[in-house]
Every structure is written in structure tokens, then in C-alpha cells.
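Data block below; observations after.
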Amino acid sequence: MSRKLIVRLAFYFLLLVVLQIPLLHNWVLYDVAFPFPYIGFILLMPHTLPKGWAITLAFFLGLLIDVFSNTPGIHASASVLVAYYRVSWLQVVSDSSNEEMDLTFLFLGTSKFTLFMLPLIFIHHAVIFVLENEGFKWAGMLLSKVLWSTFFSYFLICLVTLSVVSNKRRK
Amino acid sequence: MLQLLDFLYRQRIFLLFLLLEGVSFWLIFSYNHRYNTYFMNSSNRVTGEVSDAINNVATFVDLQRANSELAQENLILRKLLAAQSTKSLAEISAKDSTYTLALGHVVNASFRKSKNYLTLRIDPMDSIRPGMGVISSKGVVGTVKSVSEHFATVASLLHPNLLVSGRVQSNGALATVQWDGKNPLEAELKYVPRHLEMDVGDTVRTSGFNSIYPEGFIIGHVSTSALKRENPFYLARVRLATDFTQVRTVYIIKVTDRKEKESLEEEVQDE
């Protein structure tokens, strides 16, 4: 791992995970969009990181969020699921198993980045809301929550990744 | 045997995945059933302190509103006191002996999720226990779920598993108030029998039958009520008296004769 990468990951951690905790209950748009941007950190971890480590890290990260929101296990299970299938999905999307591949907006390009991120965020959010709801009752409300929250989280993650890119360009 | 070990070794990541998911689901399913699980939720020392620090910033902005609310409450209490002074001292103290109140500061609260909790900062000297009722100056808030030394997690009235026994003031009917997960301002009012009259705006108070809340605390006011031909009970909703988006200071009710009451009731049930 290069130093640049570590700095970038620390930056992601600060903006996506640490900021999530104080704002967890307050960032809600129109009662349907509940963003969980911390999932961005899990998705943007380097894809060369061994899978065993990735899912363990995702588990504890999810648990951290759980402890603060009184939902023990819910965020942890969703995060582990997404972390497990992340790399396989990346290979499907980008069809090149480049070791040097960089999980950023710039490297992957907008369409591939979106195709990589959106379905995984959707699955993560769907698992969380279904578990929290204990099933599929009020399916319409549930679906709108999942969809809007997915878009909101994706928007926040994009903002954070783009801010890192522009920092680099300035130098 | 060696092949089996080899297989397990090759599948180790998948097995780790299953293990982690298993632990997660065990946490999910056990959370609702265990009594005092404070290490895994917001009444834990570390999360409590962090929430408290965050809340300090938020309350500072909100001080003026909190102040005027407290002044209002003071006014009501003073009026009450003035009314009480006409009664004899024995009467007042007799009334007070059934419960005492302890103060709690809300450091974290949710109200938009399907199960909502509040985290309170409490005084360790108050010896607060899970199962105690929580009220605010406006009305019923919830029930203590778990307690650590300085913090308590409260399952709020906006938690579908919390049932509060209430009484409709106008007709004396016993009813159950339960949140249905839709609107953080309203809950369902169940089991009001159809032969009694009930109007929109009637006050619903705690009945005092479940020894968590003493009799007479406001739960809310009836906001809609309908009577369908096929139903034995009213289909009614109450507008909750407590505004869960604003609640800052709460009181924890310690019912002093609770043990006596419960043991007496158990005795009767055993027979």
C-alpha cells in the first residue's frame, strides 16, 4: 500500500464513517432518504485487500454503526454481505483483472463507477431496511425508502470521492 | 479426513463469511428478547459519552426553546402547588408515596425508524432499573430497556413492541396504545369497545394497571375514530402528547409499591 492510498483511505474514513455517527439520525430528506454513506468506505477499500480481512473489517464497521443506532447486527450483516460480493461484482463490471486498478471515479469512469456502486449500495440498504422493518410489510414505503436512501448515499459518496480527486489535481 | 480438511481450508473465506453473518443474525434476533444488553447498544459507556458530546453542541443551539419550556412547566407546577395547599399535608404525602421521579437528559433519540430508542444520561445514585417508565413534562415517553452506570437506553412509545395500558378519560374505557410504525406523531388506540361513546379530542391517560406508569399521565388525544359495522372495537388513533422530535428532559418513574403489587397479583394468578 502506497502512502497516497493510506492518506486517501483515512480521508474516506473520516468523511464517510466518522461523520456518519453524529449525523446518523439527523440527515433525513422528506422522511424517506436515510443515507448510510459509511458503506462507501467498504466499497472503496482497495480490491487487492484479502477478502477475509475485508469482510472482518466490514463486520466491525457495521457493528460500530449498529451500536450507535441501537440496531445490533443489522448494519453488520448488510456490510458483510456487500463486502463479500464486492470484488466479484467489480470483475463483472470492469471485465479487466488489472492489479493496478484504482477504485476511483476517474479511473473507472462515471458509468462503470456508477454500475459498480449503485447495485451494491441498493442491496446494502435493502437488507438494512427489510431487517429493521422485520419483513416486507408496507412494501411501497419500504421500496421508496430503499431507493431514495440509495441515491442519497450514492450522491454523498460521489461528493467525497470527487473532493479527493480535486485535491490531488491541485497539487 | 485430509480431503475434508483441505476442502475446509479452501472454503475458509466462505466459512468466515457464514460465521460473521451468523453472529450478526444472532445479535439481531437476541436483541429483542434479552433484558439488559447494555454492552451492545447506546447505553454503553463509550457510545453514551460520544452521543453526549455530540448532544452538547446540539443543545447549546436549542437552549432558548428548552428554557421557555422549563419555565412553562414551572408555571404549571406552581399552580398545582397552589391548588394543593388547600389540602391537608397528610393527603399530599399519602399521594406521593406510590412513586418517585428521577431526572434523565436525552443525549440521543430516534423517531423516524421502525423501532425507536432514546439514550439518557442518568445519575448513578438514582438506581434506575430496566422496566421503569419514562415520562416528559408533556406525556408518556417509554420504558427503560437497559442501563449502565451513567446511561440508559429507553424503548420509546414509538417502538411497536411497547404496549401502554391507557384509559379514555371521557368514558372510562380501558384501551391499549401501540405504535404502528407509520407516523411518529400518532399511535393506534386499540380495544375501546363499541358500546361506549368516544369523540375526537378525548384525552387518553395511563390506567395504572401495569405498574410501570402510575395512573393519570397523559398519553395523547384521540385524533381519529371510526366505528365499522363488523368491528367489535373502535378503529382509533391518538395524537401523542410527547413530541419525540423535541424531547430533551425526561423523568424516570420509580414505583415504590411495585414489588408488593406484582407479588400480590402473581399470588392471585397462581391459584
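Of note:
- Taking 0.36 nm per residue of separation and subtracting the Cα-Cα distance, full extension of the segment from residue B:30 to residue B:53 would add 5.3 nm.
- For residue B:132, residues with placed amide H under 5 Å, excluding near neighbours: B:144
- For residue B:76 and residue A:14, the FRET efficiency from 1/(1 + (r/R0)^6), where r spans their Cβ atoms and R0 equals 56 Å, is about 0.75.
- Linear extension gain, residue B:98 paired with residue B:176, 0.36 nm per residue minus alpha-carbon span: 25.8 nm
- Averaged over its residues, the stretch B:94-255 has an accessible area of 42 Å² per residue, based on protein heavy atoms and a 1.4 Å probe.
- Averaged over the residues of A:72-82, the number of partner chain Cβ atoms lying within 10 Å of the residue Cβ comes to 5.
- Under 12 Å, Cβ to Cβ, from residue B:144 - net charge with Lys/Arg +1 and Asp/Glu -1: +2
- The residues packed around residue B:219, meaning those with a beta-carbon under 11 Å from its beta-carbon, carry a net charge of +4 if Lys and Arg are +1 and Asp and Glu are -1.
- Contact order relative to length of the stretch B:94-255, as percent, for alpha carbon pairs under 8 angstrom and 6 or more apart: 26 percent
- Accessible area per residue was computed with a 1.4 Å probe on protein heavy atoms; residue B:199 scores about 90 Å².
- Taking only the Cα atoms of the stretch B:94-255, the radius of gyration and Dmax are 15.7, 54 Å.
- Simple label model, 7 Å out from Cα along Cβ direction - residue B:197 to residue B:246, nm: 3.3 nm
- Residue B:18-residue A:118 FRET efficiency (beta carbon distance; Förster radius 25 Å; 0.05 resolution): 0.40
- Between residue B:164 and B:177, the built amide H atoms are under 5 Å apart, and every one of these is 5 or more places off in sequence or on another chain.
- Under 14 Å, Cβ to Cβ, from residue B:200 - net charge with Lys/Arg +1 and Asp/Glu -1: -2
- Where A meets B: accessible area buried, both sides, 1.4 Å probe, Å²: 2800 Å²
The values are calculated or read from the model by the stated rules, or taken from the named source; none is laboratory data. Quick caveat, the model's predicted, so the values are computed rather than measured. Positions of Cβ are backbone-derived with ideal geometry, glycine not excepted, and every protein chain shown enters the neighbour counts. With ligands, DNA and RNA removed, areas are computed over all heavy atoms of the protein, side chains included. Shrake-Rupley method; radii C 1.70, N 1.55, O 1.52, S 1.80 Å.
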